[in-house]
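Have a look at the structure below before the remarks.
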């Protein structure tokens with residue numbers, strides 16, 4: 001594979017990453033080619049040593065997603081980290097995706113329920129003193145505050161659990177990558193004398 005073909009495939013695989021990140025990665029691989037040619041190696045030899053540019057792009061995108069999660073810790077970066085890990089292995093998608101879908105569905109369901117309970121508590125707090133509820137206005141105020149506090153607590157615990165699950169997924173992705181990396185790297189054959 002020529003330098004131009006390698007760089008074109010790598011550039012294509014990196015599409016969607018921030019422009020500066022793409023430029024840094026591409027400059028790094030251009031440097032590999034320049035150093036290889038300076039050492040007397042052909043473009044094809046350098047490209048073969050670097051490996052498949054599509055696989056490299058997937059790994060670099062995954063690493064970028066994981067780093068983004070570690071730096072930002074928001075919903076967007078969590079999603080990027082999850083999809084980055086899923087992108088590392090097609091076989092894992094068959095096992096990991098159904099589990100993740102179930103967990104994500106449960107988290108979303110509990111989150112929606114917490115929001116609904118919070119608003120119900122707010123309605124009870126606001127309208128309770130004017131309604132003829134058992135226990136009177138004080139019970140309505142305290143009941144409304146109690147529901148809102150409980151929903152807020154569930155939301156906080158759900159946030160902690162979600163962050164923990166994303167961190168576990170990032171850990172799994174890094175472990176997975178470290179275990180697969182030797183198998184993915186091109187094997188260097190020793191010189192036979």
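Nothing in this text is a laboratory measurement; each read-out follows from the coordinates by a stated rule. Remember, it's a predicted structure, so these values are computed and weren't measured experimentally. We place every Cβ from the backbone using ideal geometry, glycine too, and count neighbours over all the protein chains shown.
Each residue in 29, 172 was given a count of other beta-carbon atoms within 10 angstrom of its own, and listing them fewest first yields 172, 29. Kindly state, to the nearest 0.05, the FRET efficiency for residue 165 paired with residue 11, given R0 = 25 Å and r defined as their beta-carbon distance. FRET efficiency, residue 165 to residue 11: 0.15. Pop a pseudo-label 7 angstrom from the Cα along the beta-carbon direction at both residue 67 and residue 137 and give the gap in nm to one decimal. Result for the modelled spin labels: 6.0 nm.
Measuring nothing but how far apart in sequence close Cα pairs (under 8 Å, 6+ apart) lie, relative to its length, the range 91-146 scores a relative contact order of 29 percent. Residue ranges 145-154, 32-41 sort as 145-154, 32-41 when ordered by packing (mean number of other C-beta atoms within 10 Å per residue, highest first).
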